[in-house]
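Notes follow once the structure below has been shown.
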Amino acid sequence: MLRTHTCGELNATNINQTVTLCGWIQKVRKLGGMIFIDLRDRYGITQLAFNNETNAALCQQVEKFGREWVIRVTGLVAERYSKNKNIPTGDIEIIASEVEVLNESMTPPFTIEDESDGGDELRMKYRYLDLRRNPVKNNILFRHRLAIEIRNYMNNIGFVEIETPFMIKSTPEGARDFVVPSRMNPGEFYALPQSPQTFKQLLMVSGFDRYFQIVRCFRDEDLRADRQPEFTQIDCEMSFVEQEDILNTFEGLIKHIFKKIKNIDIDPIERMTWADAMKYYGSDKPDARFGMRFVELNDVTQHKEFKIFNEAELVVGIVAKGCANYTRKQLDGLVDFVRRPQVGAGGLVYVLCNQDGTFKSSVDKFYDQNDLKAIAAKCNAEAGDLILIMSGPRMKTQKQLCELRLEMGTRLGLRKAGEYKLLWVIDFPLLEWDEETQRFYAMHHPFTAPKPEHEAILESNPGAVNANAYDLVINGTEVGGGSIRIHDRQLQNRMFKVLGFTDEEAQKQFGFLMNAFQYGAPPHGGLAFGFDRMCAVLSDCDSIRDFIAFPKNNSGRDMMIDAPSTISDAQLQELFISVNTKQE
Ligand code: ASP
């Protein structure tokens, strides 16, 4: 090794030892006859001291060193005159006797410090430098620790990690595929997997009854803060199980993670049906750290002349505790909030429950004190509370009120960092109707089994069929999801039909799976957790990008290597791609 120690480990117990360190220069400071260098590596920072009086030649050499130069230094560990209590090595410094420059560095385009002066784009372009910064580096180390914990736990309970191919077949369901042209098969393409779903099911047919994989998945979707075109899943599948077994097995994993990584003991994870989640929170991933549950108000609001409510499919409200003292300006602010295009509501009705037992509302013209009292009673609102009411088509209104609920939760400080509320959302509908294309889509994916008791109505009333499908939600973020699968060829056939596939299409796309089902497919089910997302949620962070060593930006570009990029005409020709989409 070129070094005897790292820059993070020396302390008072090492005083008088001769050591050799390697690292990057964080800072050079001249102070009277002394030069001090902060030397950094992955493990920490150690102060190096050079004394002009005792070693002038060395000082002359060191004087010209710049930030981020890589050096190797040998010296004696000494007690530091002014100690730095903020770092583990703060009690000592190295009185340097020998220095070797391992490599010089250009001045970095931004400061390599916890608070950098570089903007997002610049830091993305020089990601390898950004990764030297503690906050970014620590996220990557955190991710590693989490992966190791998961692998150990899964191994201990008999799961086998098996790799599945990245060059597979494009499928029409789900998100858009990234495709890879095949040179050896002109005009044909591989697709990168959106998930290893069919492969893990085939592994069940093969008899690997407990499979997992920490695996990259690829989806060509529009990007948001918590999306990346390539992301990582903890993908799992089990045979001879029912939903209950899967929920219990992975509740074990989640508990283990929270204990090991956060030293938090998780309560048994609450379960909520999809129908209740929608009804009480307007979302299939409720942030259950706080209540403020929806109260449906049709019966106490549709008896007067207020047309907007009378014509609405749903009138629904929430109670903001202790907010009756909101000013006109604050209330108008909430109206503006729901009118923002991201929420898209027409407006908002409020009822203030005054301390003296009277009420004041934005619809006093239509509702008298008794009416408002009835609304308040229905909502369980007390004197001092504020009721916020929205109305319109059911699903749309639920979504809009969900946004308002989250906003109020944030404003009232109810979404506390460091507090974790976990939920299994269960009993998802099997299918969802799409108005635009006038057809049903699989809510989870086409391999999800209908609840056995609903199988009979799969064709006659598809919209009413539920599935043994489940999501794990933490603080309002969907961290994972899965289902019990179809393992019977006939049923899978019926499912494809309901999804609008002809027999030929089903055979062409998924023939391999349906054929496999004829050779003894066991009952099976599984799930996948978003690994990047899990890292972010456990760190109270919004963006998964911070936990990926080399992420892409919001337009799906890798700013560092500048991808995607054009390829040469020769390459295109070789791949039989004749359309050159290069823009002039
Ligand atoms: N393959 C599914 C997904 O990516 C997860 C599962 O059903 O296991 O969402």
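In the stretch 251-342, counting only helices (runs of 4 or more DSSP H) that sit wholly within it, the ones holding 2 or more residues that are within 28 Å of the chain's Cα centre (by Cα) span 274-281, 328-339.
Hey, could you check the stretch 166-178 for residues that are of a type outside the set (S, T, N, Q) and over 24 Å from the mean Cα position of the chain (by Cα) and say which is farthest from the ligand (Cβ to nearest atom)?
Step by step, filter the stretch 166-178, then rank; the result is 167.
Name, by its number, the condition in (1) more than 16 Å from the ligand (Cβ to nearest atom); (2) at pLDDT 95 or above that does not hold for residue 428. So residue 428 meets the others, but not (1). Does residue 452 qualify as being closer than 20 Å to residue 243 by Cβ and either within 16 Å of the ligand (Cβ to nearest atom) or touching a His at 6+ places or on another chain (Cβ under 7 Å) (or both)? Taking the combined requirement at face value, the residue does not satisfy it.
Give me a count of the residues in the stretch 91-130 that are of a type in the set (Asp, Glu), out of contact with any Ser or Thr (no Cβ under 9 Å at 6 or more places or on another chain) and closer than 20 Å to residue 45 by Cα. First the steps, then the outcome.
First, pick out the residues of the stretch 91-130 that are of a type in the set (Asp, Glu): 91, 93, 98, 100, 104, 113-115, 117, 120-121, 130.
The next check asks that each one be out of contact with any Ser or Thr (no Cβ under 9 Å at 6 or more places or on another chain); those that pass are 91, 104, 113-115, 120-121.
Okay, now just the ones that are also closer than 20 Å to residue 45 by Cα, so 91, 104, 113-115.
Number satisfying all stated conditions: 5.
Mind checking which residues of the stretch 477-496 are within 16 Å of the ligand (Cβ to nearest atom), outside any strand (DSSP E or B) and among the polar types (S, T, N, Q)? Don't jump to the end; show me each part of the working.
Of the residues in the stretch 477-496, the ones within 16 Å of the ligand (Cβ to nearest atom) are 477-487, 492, 495.
Among the residues that remain, those that are also outside any strand (DSSP E or B) are: 486-487, 492, 495.
Selection gives 492 alone.
Residue under question is residue 401, and the condition is that it be touching a strand residue (DSSP E or B) at 6+ places or on another chain (Cβ under 9 Å), of a type outside the set (D, E, K, R), away from the ligand (no atom under 16 Å from the Cβ) and not in a loop (DSSP other than H, G, I, E, B); does it hold? Judged against the criteria, residue 401 is a match.
For the stretch 217-234, the candidate set comprises residues that are modelled with pLDDT of 95 or more and either small (Gly, Ala, Ser) or touching a Cys at 6+ places or on another chain (Cβ under 8 Å) (or both); within that set, the residue that is farthest from the ligand (Cβ to nearest atom) is 230.
One residue alone among 161, 188 is without any contact (Cβ under 8 Å) to a residue 12 or more places away in the chain and under 29 Å from residue 521 (Cβ atoms), and that residue is 188.
Across the stretch 403-424, not a single residue is classified as surrounded by fewer than 19 Cβ atoms within 10 Å (Cβ to Cβ), under 28 Å from residue 513 (Cα atoms) and either free of Cβ contacts under 8 Å to residues at least 12 places away in the same chain or touching a Phe, Trp or Tyr at 6+ places or on another chain (Cβ under 8 Å) (or both). Among residues of the stretch 468-494 that are touching a residue at least 24 places away in the same chain (Cβ under 8 Å) and more than 13 Å from residue 514 (Cα to Cα), those with a beta-carbon under 6 Å from a residue that is away from the ligand (no atom under 16 Å from the Cβ) and in a strand (DSSP E or B) at least six positions away or on a different chain give the pairs 473/423; 474/422. The set of residues in the stretch 57-88 that are closer than 20 Å to residue 19 by Cα, over 37 Å from the mean Cα position of the chain (by Cα) and of a type in the set (Phe, Trp, Tyr) contains only 81. Looking only at residues of the stretch 179-212 that are away from the ligand (no atom under 11 Å from the Cβ) and surrounded by 18 or more Cβ atoms within 10 Å (Cβ to Cβ), we find that the one that is farthest from residue 444 (Cα to Cα) is 190. When the stretch 522-555 is filtered for residues that are within 16 Å of the ligand (Cβ to nearest atom) and either out of contact with any strand residue (DSSP E or B) (no Cβ under 9 Å at 6 or more places or on another chain) or without any contact (Cβ under 8 Å) to a residue 40 or more places away in the chain (or both), nothing remains.
Residues in the stretch 235-253 that are more than 22 Å from residue 271 (Cα to Cα) and either hydroxyl-bearing (Ser, Thr, Tyr) or within 14 Å of the ligand (Cβ to nearest atom) (or both): 239 only.
Can you find even one residue in the stretch 556-569 that is within 16 Å of the ligand (Cβ to nearest atom) and part of a loop (DSSP other than H, G, I, E, B)? Looking through the stretch 556-569, none of the residues is within 16 Å of the ligand (Cβ to nearest atom) and part of a loop (DSSP other than H, G, I, E, B). The residues of the stretch 30-75 that are acidic (Asp, Glu) and surrounded by 16 or more Cβ atoms within 10 Å (Cβ to Cβ), listed by number, are 38, 41, 68. Exactly one residue out of 573, 518 is without any contact (Cβ under 8 Å) to a residue 60 or more places away in the chain, under 30 Å from residue 205 (Cβ atoms), surrounded by fewer than 19 Cβ atoms within 10 Å (Cβ to Cβ) and away from the ligand (no atom under 16 Å from the Cβ), and it is 518.
The values are calculated or read from the model by the stated rules, or taken from the named source; none is laboratory data. All of these numbers come straight from a predicted model, not from anything done at the bench. Virtual Cβ from ideal backbone geometry, glycine too; neighbours counted across all protein chains shown.
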